[in-house]
């Protein structure tokens, strides 16, 4: 299921040829290299450019932006959830990594971060398109997820303002804590940050792929359906796995009728791809990260359940 859905159309044949060669030469060890190592390499490679451009932008802001410019950027954050939710709807997991980095530097608000995470769809769109699902249904899902992200994002920012916390000061220096090489220049510093986070993403993805390989994707995805009464919650928890296999599995299960479309939505809402990995790597506030996870799970559970109340909508 996971195999074959990770590739862009142009590289599909080349990757399949390499997979066949690995399996033909190394047998079961070759299949492990393909499904664990090679897929981890591909998943990581997808976000390198996004990471580099993000850190480059952050370095430029840190070195070049005046205090006035920073204040203007902070005040412009009122529409953050709207912009982040809309951008997050684009089927590219790199945007969630960008959002995590900008939040760590307090360039965007918590609401904007959550909006981007909730609207991110990872591999859902390619799977639905490959199965010839109607455009109307696809747009309904994307618009629903984006609307949920924007709504929850604005609510979070509103609550924080009512609590007197408001928008935090821009603090891009926080990203540099313990590993800043700013004296080397903007580009070298951006490259060092990119390499550091890329290595972290690759190692974690390698571990997750190993889990899927040895335990089995079907067995892991079955956790989302063994207790139908709380299937939305289980799907939301399952969606937290920072791997495209989670979104592929949830979409496939919904299309086969094993879980409801709303349960799929629950997992897709909570799933933020590599954005979660970047958040945990760069944000130095564990409790804050835990709260963000809780928000994702609760939002996914609630709005996935509400989606199932929509009449006459099913992917099965």
- request: Once you have the Cα-Cα distance between residue 199 and residue 137, take 0.36 nm times their residue separation minus that, and quote the gain in nm to one decimal.
  value: 18.6 nm
field: Modelled FRET efficiency - R0 30 Å, residue 60 with residue 291, Cβ distances, 0.05 increments
entry: 0.50
field: Extension reserve of the residue 187-residue 207 stretch, reckoned as 0.36 nm per residue once the Cα distance is removed
entry: 4.2 nm
- line: 1/(1 + (r/R0)^6) with r = Cβ-Cβ of residue 284 and residue 45, R0 = 22 Å, i.e. FRET efficiency to nearest 0.05, evaluates to 0.25
- prompt: Once Rh is set to the Kirkwood radius over Cα pairs, what Stokes-Einstein translational diffusion coefficient, in µm²/s, holds for region 96-140 at a temperature of 4 °C and a viscosity of 1.567 mPa s?
  reply: 108
message: Testing the spin-label approximation: label points 7 Å from Cα along Cα→Cβ at residue 129 and residue 163. State their distance in nm.
response: 3.9
- prompt: What order, most packed first, do the peptides 235-248, 107-120, 141-154 have when packing is the mean number of other Cβ atoms within 10 Å of each residue?
  reply: 107-120, 235-248, 141-154
- prompt: Rounded to the nearest 0.05, what FRET efficiency is calculated for residue 230 and residue 313 with R0 set to 22 Å and r the Cβ-Cβ distance?
  reply: 0.55
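Bear in mind these aren't lab numbers, they're just calculated from the coordinates by the rules spelled out. These numbers come from a predicted model, not from an experiment. Positions of Cβ are backbone-derived with ideal geometry, glycine not excepted, and every protein chain shown enters the neighbour counts.
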